[in-house]
Amino acid sequence: MSNPAILALNTSLFRPGMRVAVAVSGGADSVALLRALLERARELGLVLSVAHVHHGLRGADADADEAFVCELARVHDLEFHLHRCDTPAAASANGEGIEEAARNLRYDFFRGLLASRQVDAVATAHTLDDQAETVLLKLIRGAWTEGLGGIYPIYEVSGEVSGREVPVGGRILRPMLAVRRAEVEAFLRERHQDWREDASNRELIYSRNRIRHQLLPALREYNPGVEAQLAALSAIARDEEAYWQAELAKLLPSLLLPGKPVRGGGRASSTHPGEKSLSIELERLRSLHPALRRRVLRAALSQLGVSVGFDPTEELAALCNPSAGEKLPPGIDLPGGVRARRSARELRLEVVCGKPPATAQAILQYVLPVPGEVFAEAFGLHFRCTCQGGGDLAPATVRPPLPGDRVRLRYTRGPKRMKEVFERMHIAAPDRTLWPVVEWRGEVVWMRGVELEPELEAALKLEISAETAG
């Protein structure tokens, strides 16, 4: 008799006595994770339970998934944590795509479980194939090494639950990142264990599904082991990122100077709400290796609450260290309302509340084909537009709000000034400058966080979504 199939779980993530909620959707991966942990629970000293999220999608199929997972928990005498939510409503309210909204709701539930101290950790069934898809998706969208790290084996949980700051603690663990999907199915078949198939996993409207079913099969023609190579790249990127973050932690305190120098010595920082600034001595910055210099600049912008992509970072680096004979302006405006100014001795970075300068507004405009998609780097969002009527139409524009903008909210009479909408949403002035809207045919037809009812009848046939890009 052949040896039974086993899964190469990363058991180093667990410790004896740990209470682990296994996130089970009903699909093959999560069911396999539960069965594999059940077989090793005594050996590892784990107390297991089952967590399931009904996302309010897929109707009767989702109800059947819930019933299947509930029965699986009952058969194995495990506590069952169930969470039901309305993903479409959350997506509409927060201006998110369905995939992004579902993930946020799912992880919000996990945080709640951990915050309640019912469990010490939540285990999810991400596989090597998931890792490869994630790395490829982030590579296409322009991620740095932290993004190319993909899915981390351990996710330390802290922060907010349903918008409230809570002392969460606990971890989300991914012990199956070395396991292939083919191994998962062999494992389950040998145990005569059923699982649920989610038909939406084949719908090509989702970016991840197109990567899974179209792009990766094409790449396998060049390298049959491309998934393993992408997973290896993620491991390298995680180690590289950990090393650089440790180096930056040692360097930044002495390199980043608050505010601006004042006559007689010392430095002054603004106390104006929303206004932040810091400076870096040019001589020290120029002495750094380009790789380190780039990271220092990005870290400085991050401390100001701004994340930028490759091109703005390179533009800022060139401002600090121009080529021989190159004439550059003394300053530039970057996405996020950041003003970079170069003096004889320092580079000063400043974020001032209020609307971005006109040059920044010009930068923060992206063409969104109708239908089609675009990655709006300054907003960190991937926009997608579909049209019920079909055919190619005039493109839309993704941009920040502009003076004079008005929007028509659903279930309200007449257009509203953008300022009034922001006040209703409790969005502070500094955050409004990077709050994305979509303009089409001269009208704002989409705005993050609210439901609009455009006056253009044709716009009612548009479906616009935005997903966070890592």
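The values are calculated or read from the model by the stated rules, or taken from the named source; none is laboratory data. Worth saying up front: this structure is predicted, and the values here are computed from it rather than measured. Reconstructed Cβ throughout: ideal geometry from the backbone, glycine too, with neighbour counts over all protein chains shown.
Looking across the range 96-112, the residues that are more than 14 Å from residue 81 (Cα to Cα) and either of a type outside the set (Asp, Glu) or assigned by TED's automatic domain parsing to the domain that holds residue 449 (or both) come down to 97, 98, 101, 102, 103, 104, 105. Scanning the range 278-324 for residues that are in contact with a Cys (Cβ under 9 Å, 6 or more places away or on another chain) and outside any helix (DSSP H, G or I) returns a single hit, 280. Among the residues here, residue 125 does not qualify as of a type in the set (Gly, Ala, Ser), more than 19 Å from the chain's Cα centre (by Cα) and under 27 Å from residue 49 (Cα atoms). Selection of first residues in the range 227-254 that are closer than 15 Å to residue 148 by Cβ and touching a residue at least 12 places away in the same chain (Cβ under 8 Å) and of second residues that are of a type in the set (Ser, Thr, Tyr) and surrounded by 13 or more Cβ atoms within 10 Å (Cβ to Cβ), restricted to Cβ pairs under 7 Å at least 6 apart or on distinct chains, gives the following pairs, ordered by first then second residue: 237/145; 238/152; 240/145; 241/145. Can you work out which of the residues in the range 389-424 that are aliphatic (A, V, I, L, M) and surrounded by fewer than 16 Cβ atoms within 10 Å (Cβ to Cβ) is modelled with the lowest pLDDT? Taking the candidates together, the pick is 394. Annotation: of all residues in the range 195-211 being part of a helix (DSSP H, G or I) and at pLDDT 85 or above, the one that is surrounded by the fewest Cβ atoms within 10 Å (Cβ to Cβ) is 210. Taking the criterion of being at pLDDT 75 or above, under 22 Å from residue 440 (Cα atoms) and surrounded by 18 or more Cβ atoms within 10 Å (Cβ to Cβ), the residues of the range 336-370 that qualify are 366, 368, 370.
Does residue 43 satisfy being more than 21 Å from residue 196 (Cβ to Cβ) and either part of a loop (DSSP other than H, G, I, E, B) or in the same structural domain as residue 176 (by TED's automatic domain parsing) (or both)? Let's see the steps before the verdict.
Details: more than 21 Å from residue 196 (Cβ to Cβ): yes; either part of a loop (DSSP other than H, G, I, E, B) or in the same structural domain as residue 176 (by TED's automatic domain parsing) (or both): yes.
So residue 43 passes the test.
Any residue at all in the range 74-94 that is of a type in the set (Asp, Glu) and modelled with pLDDT of 90 or more? Yes, the range 74-94 contains a residue that is of a type in the set (Asp, Glu) and modelled with pLDDT of 90 or more.
Contact annotation: residue pairs with Cβ atoms under 6 Å, 6 or more positions apart or on different chains, pairing a residue in the range 6-34 that is in the same structural domain as residue 61 (by TED's automatic domain parsing) and touching a residue at least 12 places away in the same chain (Cβ under 8 Å) with a partner that is crowded, with 22+ Cβ neighbours inside 10 Å and of a type in the set (Ser, Thr, Tyr), are 23/124; 24/30; 29/127. Need at least 3 residues that are surrounded by fewer than 20 Cβ atoms within 10 Å (Cβ to Cβ), in contact with a helix residue (DSSP H, G or I) (Cβ under 9 Å, 6 or more places away or on another chain) and not hydroxyl-bearing (Ser, Thr, Tyr) per element, so show me which helices (runs of 4 or more DSSP H) inside the range 89-151 make the cut, counting only ones lying wholly within it. It comes to 98-115, 128-141.
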